[in-house]
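One structure is given below, encoded as structure tokens.
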Amino acid sequence: MPGSALRSKTAPEAVYIHIPFCTNKCFYCDFNSYVLKDQPVMDYLRALDQEMELTVRETPPGEIKTIFVGGGTPTVLKPDEMEFFLASVRRHFPKWAPEIEFSMEANPGTTDRDKLAVMKAGGVNRVSFGVQAFQNELLSGIGRIHNTDDVYRSLENARAVGLDNLSIDLMFGLPNQTVEMLDYSISKAQELELPHYSIYSLKVEENTLFHTLYHKNQLPLPEEEDELKMYLLLMERMEKAGYAQYEISNFAKPGFESRHNITYWRNEDYYGLGAGAHGYVNRYRHVNIKGVTPYNEATKQGRPILNRFEISREEAMEDFVMVGLRVLEGISDDRFRSQFGVGLDEVFGDQFNKMLNAGLLEKTAARAGYRLSQKGILFGNEVFAEFIGALAGK
């Protein structure tokens, strides 16, 4: 393979932190999350504080540009727990960029004004609410505990404490969901006039209730044709309302794209902290121990890492292309060269030609790169699959 194996020498500028507690487990969820009742929450937050200390001692941070707190449901923390947690983040990552994006996931119904005020005081400036649908019958059918009233109340509370950079998640392809139901949810979502929306299709994952029901033929999912209609509808509706589709599942007003997620899509370094969290630093990936008590105990001995492995140069190249093509502006030859010292076409010429001929990719002249075509957006997984293991044995 031509070119030298270039490695990032800069300190990570992005932080992901996992809060694994939830009020209940949704029927489709395979994330590392645990029902809150009887969990040692403060012990976990102290362990997280210890992991942060050990991590930044080993790899000191640069100026932090994005922080993302996910879960679980981080907003199940009580105000005093939230205050402890946010103070811990600030202590270990003290140098923040002036325009830092500090996001926290939230569930409607777990965010009163007191808690949101603590979040804002602790530096959070972007909140992403897991709404999923605007029909209460669909929400109960997927195991959500909130209703549509909770959505409006939560957004009102957020705005009341000065949090305006808000996003909501919607889902399509849900059991018993019709194209008309999604159309209604999009209308209700757009009435909120938020700067950002994430809209995902349901995936039936292993180790979920939906997976069990699916294999018993008890999960009434929409037909594939209807699911495609849903995706086309949401793209059309969002574009008409002035939201740019900047990634396969994400839509934003100009300047409100999720900068933290763009870190992942550009295959850039980030810290991963908390039970089950993944991190990527200097071409090493790691995954942390998952269970709450095992994680807490492990931090007493050192960093709670379950597995850490080096990503080969070839695998890093494949990752660059696969995650980068999710972003609709596409991948740049310049950025690829700066990471790997070689051009895109020199490495993946055969794959790009095949996808261009299939009408799934198109060239971006200005950036000497590639992006998904309109057809490719609909069949992205076929494009990404082309690059999995493409360099094996080379």
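Quick notes on this one:
- When the residues of segment 229-271 are filtered to those that are part of a helix (DSSP H, G or I) and open to solvent by 70 Å² or more (accessible area, probe 1.4 Å), the one that is farthest from residue 127 (Cα to Cα) is 229.
- Close Cβ contacts (under 9 Å, 6 or more residues apart or on different chains) running from residues in segment 364-390 that are farther than 16 Å from residue 245 by Cα to residues that are assigned to a strand (DSSP E or B) and open to solvent by 50 Å² or more (accessible area, probe 1.4 Å) comprise 364/371; 369/363; 370/362; 370/363.
- Residue list for segment 49-66, filter: within 21 Å of residue 33 (Cα to Cα) and either modelled with pLDDT under 95 or touching a Gly at 6+ places or on another chain (Cβ under 8 Å) (or both): 51
- Some residue of segment 203-216 being within 20 Å of residue 130 (Cβ to Cβ) and touching a strand residue (DSSP E or B) at 6+ places or on another chain (Cβ under 9 Å): no
- Failed item, numbered, when residue 348 is tested on (1) without any contact (Cβ under 8 Å) to a residue 40 or more places away in the chain; (2) more than 25 Å from the chain's Cα centre (by Cα): (1)
- Top-ranked residue of segment 120-160 - restricted to ones that are buried (at least 20 other Cβ atoms within 10 Å of the Cβ) and of a type in the set (Val, Ile, Thr), ranked as farthest from residue 256 (Cα to Cα): 142
- Among the residues of segment 18-35, those identified as among the polar types (S, T, N, Q) and in contact (Cβ under 8 Å) with a residue 60 or more places away in the chain are 23, 24, 32.
- Taking residues in segment 204-221 that are within 18 Å of residue 139 (Cβ to Cβ), and partners anywhere that are open to solvent by 100 Å² or more (accessible area, probe 1.4 Å) and not in a helix (DSSP H, G or I), the pairs with Cβ atoms closer than 6 Å and at least 6 places apart or on different chains are 220/176.
- Some residue of segment 234-247 being in contact with a Lys or Arg (Cβ under 7 Å, 6 or more places away or on another chain) and among the aromatic types (Phe, Trp, Tyr): yes
- Residue among 66, 148, 111, 73 that alone is of a type in the set (Ser, Thr, Tyr) and in contact with a Cys (Cβ under 9 Å, 6 or more places away or on another chain): 73
- Screening segment 49-164 for helices (runs of 4 or more DSSP H) wholly inside it with 1 or more residues that are among the β-branched types (Val, Ile, Thr), under 23 Å from the mean Cα position of the chain (by Cα) and over 21 Å from residue 14 (Cα atoms) returns the ranges 148-160.
- Any chance residue 323 is of a type in the set (A, V, I, L, M), at pLDDT below 95 and within 27 Å of residue 20 (Cβ to Cβ): yes
- If the condition is being surrounded by fewer than 17 Cβ atoms within 10 Å (Cβ to Cβ), of a type in the set (D, E, K, R) and either in contact (Cβ under 8 Å) with a residue 60 or more places away in the chain or more than 22 Å from residue 60 (Cα to Cα) (or both), then segment 81-119 contributes 83, 112, 113, 114.
- Test result for residue 193, assigned to a loop (DSSP other than H, G, I, E, B) and free of Cβ contacts under 8 Å to residues at least 40 places away in the same chain: yes
- The residue of segment 297-321 that is farthest from residue 339 (Cα to Cα), among those that are among the acidic types (Asp, Glu) and more than 22 Å from the chain's Cα centre (by Cα), is 297.
- Residues being in a helix (DSSP H, G or I) and in contact with an Asp or Glu (Cβ under 8 Å, 6 or more places away or on another chain) - total across segment 165-186: 1
The values are calculated or read from the model by the stated rules, or taken from the named source; none is laboratory data. The shown structure was predicted, so the numbers you read here are calculated from the model rather than taken from an experiment. Don't worry about glycine lacking a Cβ; one is built from the backbone with ideal geometry, like all the others, and counts go over all protein chains shown. SASA here: full protein model, heavy atoms, side chains in, ligands and nucleic acids out. Shrake-Rupley method; radii C 1.70, N 1.55, O 1.52, S 1.80 Å.
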